[in-house]
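**Student:** Take a look at the following structure, please.
The values are calculated or read from the model by the stated rules, or taken from the named source; none is laboratory data. It should be emphasised that the depicted structure is a prediction, and the values quoted were computed from it without experimental measurement. FYI the Cβ positions are ideal-geometry reconstructions off the backbone, even for glycines, and counts take in every protein chain you see. These area figures cover heavy atoms from the full protein model, side chains too; ligands, DNA and RNA do not enter into them. Shrake-Rupley method; radii C 1.70, N 1.55, O 1.52, S 1.80 Å.
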Amino acid sequence: MSDSNDLLFYVGKRFLWAVPVLLGASFLSYILIHLAPGDPAQIILGRRATQEQLAQLRQEMALNKPVYVQYWRYLSDAAVGDLGRSYRSQQKVATMIAQRLPYTLQLAVGSLIVALGIGLPTGIYASLNRNEFGDHVSRIVALLGISIPNFWLGLMLILLIAVHVGVVPIYGMTLVTENVLAGFLSTLLPAVALGTALTALIMRMLRGSLLDEINKGYVQTANAYGIAEHEIMYVYVLKNGLLPTITVIGLQLGYLLGGSVVIETVFGIPGIGQMTLDAIFKQDFPVIQGVVLFVATVFVAVNILVDTLYAFLDPRIRLGGEST
Amino acid sequence: MSTVTESTDPDSDRDAHTERDYSTARERVLSQVRQSPLAMIGASIAVFLLLLTVVTLVDRHLLNRTLITTLLHDPYATHPENRLQAPTLVHPFGTDEQGRDILVRVIYGAKTSVIVGVLSVTFASIVGVAIGSVSAYYGRIVDMAGMRLMDVLLSFPAILLAIALMATLGRGLENIILALGVVYVPTFARVTRSEMLSQKEQEYADAARVVGYPDRNIILKELLPNCLTPIIVQATFSIALAIIAEAALSFLGLGVSPPTPTWGMMLSKGKPYITDAWWYMLFPGLAIMVTVLGFNLLGDSLRDALDPQEQGEGRI
């Protein structure tokens, strides 16, 4: 089989695997909200609704039907992008997500840039200067980075920089599509707060996997052949050592999506995270359900993408090697 | 116990090394952990917090807060006249918006973090280890079903799954423990499964099967004890993650109900005063960070001592 066929086969297999997972995820998010206390008809109509009105609405919403019928209805609607309507505003959940998503994406992408921009160079630097001063400093910083709660870091940044230094806003977010500079400034602190844990994780992973690579036989062989050290490092070691780190980054993109709920609350960013939290306090179940299902789908898709990238970079994986 | 555990004589290095290889894994780990200052710091923080938790639990439920009130202040008594005072000798961490001493509330808040961290990880490890070992041991359809179930749980970002579970379960200590427990089950299932798969192929496992041991005994008494190393390392890191997650849930208003002080809730209550009262933001957050740092330091050192190859930290 040719190389590209292998890759296609691998990607196809990966897609098929995602189907049961997504079905499970949709069922879990459905059943979770189904079990939540509170009668949807009562929540929508409020306390003053009469028994007849309640009964009629329950009929319309098929609340009297068995759970699997309701779930099937939800699933077939969700498959065509209809996530139902908010109990409170009667707006379409899919529309609400689409309106809020740009803010969450801007935060997530900003955090990823912070994490990669700081994590990759420091990880490489630390492994090249093992046990020297810079390595020790970066390891301590990384350890602090995985230990600091992101929302507290956000609060401290507001306290230290936004309040005393100024320049960056303390609250809210401007989209870069509206105003590039204001967008950049308003994303800076939240992105640092959310991205720090990922930065630290990348530093730790990369240092570890590069050190593993440096100790492998082929590096000695390359040395013996007289290949320049920087060439060995950047051409061979880095390529192999980056692979496990890519997987970690892929898996942790879910952290950026989930963590945005907390960071959006700290910085008052009107993204899907804050929308979800509002929905929880207002018992607006279709919104919670829609966001949870949407995020799970995005997360699964990103993981397929990362696996594809991994398979593209490392032929051992698509040729049937066990990826653990 | 080995007779020669530490030797100062450089010539006996080889002997000491051989000796070490004959000692049990537990002795080896303990001696390595003792020699690393970072590990000792981590272990001290963890032990201190566990003791503090026990003492505050006794004080709260048996002594009706007399111990802490005698030594420092009452964590629940409000003094509106003292509201938002900057740190002084009487109130080293300052006071909150109801005039309560922040130091004693930070001390009292430790128990929620520690209880949630330890119990949710205990739940996650028991369920995860059960799923992981059964999956690995029986393989085929059982493995397929178990692991796809774990994939479903992993398809949600950790904190979002915890938030959704809290939305269903409602606030409360037991519910946070359950929610975070469920979130961390897949991590333990995966770690156990991969370890069990390699143990299953060992000769002693074949021997146990040939002799006719029942499956349950082979899993629990033969295989599982040899899989514990990475599970313990994972548990240490998971406690750190669970403590951060609990604080985040409390900060969002999805934690335990007031007036029980928790670090996350203190940060949430203090947020409106961020520009006037820096101490209100600083100390509860520092407490979370030091606690989490302690468990991470311990996890790092245990991992280095037990299993230098292992890289996993679970999901953040």
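**Student:** Calculate the length of the line joining the C-alpha centroid of the stretch B:168-225 to that of the stretch A:59-75, in whole Å.
**Tutor:** 37
**Student:** List the DSSP H helices in chain B whose Cα atoms stretch 30 Å or more along the helix axis and whose mean Kyte-Doolittle hydropathy is at least -0.5.
**Tutor:** Details: long enough: B:37-61 (36 Å, 1.73); B:102-138 (53 Å, 1.58); B:173-200 (38 Å, 0.58); B:228-252 (35 Å, 1.87); B:278-306 (41 Å, 1.04).
Correct list, ordered by number: B:37-61, B:102-138, B:173-200, B:228-252, B:278-306.
**Student:** Still on this structure: Using only the alpha carbons of the stretch B:180-316, determine the length spanned along each of the three principal axes and report them from longest to shortest in whole angstroms.
**Tutor:** 72, 30, 19
**Student:** Starting from one equal scatterer on each C-alpha and no solvent at all, send me the Debye-based log10 I(q)/I(0) for chain A at q = 0.16 Å⁻¹, two decimals.
**Tutor:** -1.32
**Student:** Still on this structure: Report, in whole Å, the centroid distance computed from the Cα atoms of the stretch A:289-308 and the stretch B:110-155.
**Tutor:** Taking the Cα centre of each part, the stretch A:289-308 and the stretch B:110-155 sit 21 Å apart.
**Student:** Would you kindly calculate the mean projected area, averaged across all directions, of the convex hull enclosing the Cα atoms of chain B, in square nanometres?
**Tutor:** Approximately 21.2 nm², given one-decimal rounding.
**Student:** Which value in nm describes the separation of the simple spin-label points at B:LEU67 and A:TYR236, placed 7 Å from the Cα toward the beta carbon?
**Tutor:** Modelled inter-label distance: 6.1 nm.
**Student:** What is the distance, in nm, between label points placed 7 Å from the Cα along the Cα-to-Cβ direction at A:SER89 and at A:GLN56?
**Tutor:** 2.7
**Student:** Considering every pair of different Cα atoms, what Kirkwood radius, in Å, is found for the stretch B:172-232? Can you show the working numbers first?
**Tutor:** On the way: mean 1/r = 0.0763 Å⁻¹.
Computed over Cα pairs of the stretch B:172-232, the Kirkwood hydrodynamic radius comes out at 13.1 Å.
**Student:** Looking at the square roots a ≥ b ≥ c of the eigenvalues of the Cα gyration tensor of the protein assembly as shown, which shape do they give, rounded for a/c under 1.5, prolate if a/b is larger than b/c, or oblate?
**Tutor:** rounded
**Student:** With a Cα-only, solvent-free Debye model of the stretch A:96-274, what are the log10 I(q)/I(0) values at q = 0.13, 0.18 Å⁻¹?
**Tutor:** After summing over all Cα pairs, the log10 values are -0.70, -1.07.
**Student:** Which far-off residues, 5 or more places away or on another chain, put their amide H under 5 Å from the one on A:ARG85, with H placed in the peptide plane?
**Tutor:** Sorted by chain and number, the residues that satisfy this are A:VAL93.
**Student:** Roll a 1.4 Å probe over the protein heavy atoms and report the accessible area of B:HIS73 in Å², nearest 10.
**Tutor:** Surface accessible to solvent at B:HIS73 totals approximately 50 Å².
**Student:** What is the angle, in °, between the Cα long axis of helix A:67-79 and the longest principal axis of the Cα atoms in chain A? Nearest 10 is fine, range 0 to 90.
**Tutor:** Its long axis makes an angle of about 60 degrees.
**Student:** Kindly report, to the nearest 10 Å², the accessible surface of A:PHE281 as traced by a 1.4 Å probe over protein heavy atoms only.
**Tutor:** Number for this one is 120 Å².
**Student:** Probe radius 1.4 Å, ligands and nucleic acids left out: which of B:PHE283, A:PHE285, A:PHE27, B:PHE48 has the largest accessible area, and how do the rest follow? Spell out each step's value before the answer.
**Tutor:** Details: B:PHE283 35, A:PHE285 15, A:PHE27 95, B:PHE48 130 Å².
From most accessible down to least: B:PHE48, A:PHE27, B:PHE283, A:PHE285.
**Student:** Below 26 Å, Cα to Cα, which lysines can A:LYS282 reach? Residues fewer than 8 away in the same chain don't count.
**Tutor:** Here the lysines satisfying the reach criterion relative to A:LYS282 are A:LYS65, A:LYS92, B:LYS269, B:LYS271.
**Student:** Would you rank A:GLU229, B:GLU222 by solvent-accessible area, highest first, keeping every protein chain in place and using a 1.4 Å probe? Let's see the in-between values first.
**Tutor:** On the way: A:GLU229 145, B:GLU222 55 Å².
Sorted by accessible area, descending: A:GLU229, B:GLU222.
**Student:** Now a separate question. Straight-line reach from A:LYS216: which lysines have Cα under 21 Å away, leaving out those fewer than 8 places along the same chain?
**Tutor:** A:LYS216 reaches A:LYS239.
**Student:** Here's another thing I want to ask about it. Among the GluC sites (Glu not before Pro) within the stretch B:161-214, which fall in a DSSP loop and have no more than 10 other Cβ atoms within 10 Å of their own Cβ? Numbers along the way, then the final one.
**Tutor:** Numbers: sites: B:GLU174, B:GLU195, B:GLU201, B:GLU203; in loops: B:GLU201.
Passing both the DSSP loop test and the Cβ count: B:GLU201.
**Student:** Please go through the stretch A:1-67 and write out the trypsin sites (Lys or Arg not before Pro) that DSSP classes as loop and that have at most 14 other C-beta atoms within 10 Å.
**Tutor:** Details: sites: A:LYS13, A:ARG14, A:ARG47, A:ARG48, A:ARG58; in loops: A:ARG47, A:ARG48.
Taking the stretch A:1-67 and a limit of 14 other Cβ atoms within 10 Å, the loop trypsin sites (Lys or Arg not before Pro) found are A:ARG47, A:ARG48.
**Student:** Please give every one of the lysines within straight-line cross-link reach of B:LYS200, meaning a C-alpha to C-alpha distance under 16 Å, and leave out same-chain neighbours fewer than 8 residues apart.
**Tutor:** Within reach: B:LYS221.
**Student:** If you don't mind, there's one more thing I want to ask. Taking 7 Å along the Cα-to-C-beta vector as the label spot, tell me the A:PHE184-B:LYS221 distance in nanometres, rounded to one decimal.
**Tutor:** Distance between the two pseudo-spin positions: 6.9 nm.
**Student:** Follow-up. Taking Cα atoms, how many degrees apart are the long axis of helix A:3-35 and the longest axis of chain A, rounded to 10 and kept between 0 and 90?
**Tutor:** Helix A:3-35 sits roughly 40 degrees off the main axis of chain A.
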